[in-house]
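Reading through the structure tokens given below for one structure.
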Amino acid sequence: LNKSVIKIDYQNPKKIVVTTRDGKSYVAPIVICTVPIGVLKHNRIQFSPALPTTTQQAIKHLNMFNFDKVVLTFPAVFWDKDKQFIGVIPQLKDYNQPNKPVWAAFLNYYYYTKKPIIIALTAGRSANTMESLTDAQIQDSIMKTLRQVYGENIPQPSHITVTRWGKDINAFGSYTSLGLHALKNNQDIINLTKPVDQALFFAGEGTSISYSTTVHGAYLSGIRAAHQALESIKERNI
């Protein structure tokens, strides 16, 4: 736990060696790799021998989509209390400004918790742009949008929390998306679910055929990988 894996050596499928950044090694006959697709695409983990061609192609064909949230706590609620989501239609020119994130959707967290919290949502290129800004710049950008809807006299937030999944070296994005050259019928995802030498298995939302991008997809993929590992243990008598 709390270790950064840098190498998985499965040359001997009965004794796979997992090496962590602090120089420690762990040996096991089965390894289930659950890191996000973004970590695999950035080659943060070295596999020895190299992964099968179909597995490498799957990693290449899949992307990590970026979806960020900004949680803002206010002294009081000034927005529509009875709405779960608040949508704002941006002007087309806003999408063409390279250094300006676009705020088109807000989750009314008060609706669920009765606390004066609203969550601003941004995705794709807008999220990538946002992650290069400071928290103060992000807050100012969001408040400009909210003032367009609720007027100039709304209060400033008392606290702000910003996700930056694209810059997170343990993720490089929020969830898996199909790339431009992805194979038809989810074949790349299917290829990721196939065991490597009956010893190395992949799990995570990016390996879920029916529920990729979701928490339950990640959970179910873990169950699938565990069953695959158990079958391998029986077949290999280990």
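The values are calculated or read from the model by the stated rules, or taken from the named source; none is laboratory data. For clarity, every value in this text was computed on a predicted model and none was experimentally measured. Note that each Cβ is placed from the backbone with ideal geometry, even for glycine, and that neighbours are counted across all protein chains shown. SASA here: full protein model, heavy atoms, side chains in, ligands and nucleic acids out. Shrake-Rupley method; radii C 1.70, N 1.55, O 1.52, S 1.80 Å.
Per atom type, the chain shows carbon and sulfur on 54% of its accessible surface, probed at 1.4 Å. Couplings for segment 153-168, taken from phi via the Karplus curve 6.51 cos²θ - 1.76 cosθ + 1.60 with θ = phi - 60°, read 9, 5, x, 6, x, 8, 7, 9, 10, 10, 8, 9, 5, x, 9, 6 Hz in order; Gly and Pro are left as x. What fraction, in whole percent, of alpha-carbon pairs in segment 102-238 exceed 26 Å separation? Of all Cα-Cα pairs in segment 102-238, 46 percent lie more than 26 Å apart. Shown here for segment 99-165: trypsin sites (Lys or Arg not before Pro) in loop regions (DSSP other than H, G, I, E, B) with at most 12 other Cβ atoms within 10 Å, namely Lys114. Using a Gaussian network model of the chain in which every pair of alpha carbons under 10 angstrom is joined by a spring, one finds that among Tyr211, Tyr150, Tyr175 the greatest mean-square fluctuation is at Tyr150. The GluC sites (Glu not before Pro) of segment 126-208 meeting both criteria, a DSSP state outside H, G, I, E and B (loop) and at most 16 other C-beta atoms within 10 angstrom of the site's C-beta, are Glu152. The residues of segment 1-72 have, on average, 56 Å² of accessible surface per residue, using a 1.4 Å probe with all protein chains present. A cut-off of 5 Å between modelled amide H atoms, ignoring neighbours fewer than 5 places along the same chain, links Ala105 with Val88, Leu121.
With contributions of -39500 (n - 2.57) from each DSSP H run of at least four residues, the per-residue ellipticity at 222 nm computed over the chain stands at -8500 deg cm²/dmol.
Projecting the Cα atoms of Thr55, Tyr112, Thr129 onto the charge dipole of segment 29-183, computed from C-beta unit charges around the Cα centre, puts Thr55 farthest toward the positive end. Step through the table entries Lys15/Lys167; Lys24/Lys194; Lys69/Lys144, compare each Cα-Cα distance with 24 Å, and write down the pairs that go over it. With Cα atoms farther than 24 Å apart: Lys15/Lys167; Lys24/Lys194.
Against the empirical curve 2.2 N^0.38 Å, the C-alpha radius of gyration of segment 62-172 lands at a ratio of 1.05. Computed over the Cα atoms of segment 1-146, pair by distinct pair, the Kirkwood hydrodynamic radius stands at 18.9 angstrom. When you restrict to C-alpha pairs under 8 Å that are six or more residues apart and normalise by the size of segment 10-125, the relative contact order lands at 22 percent.
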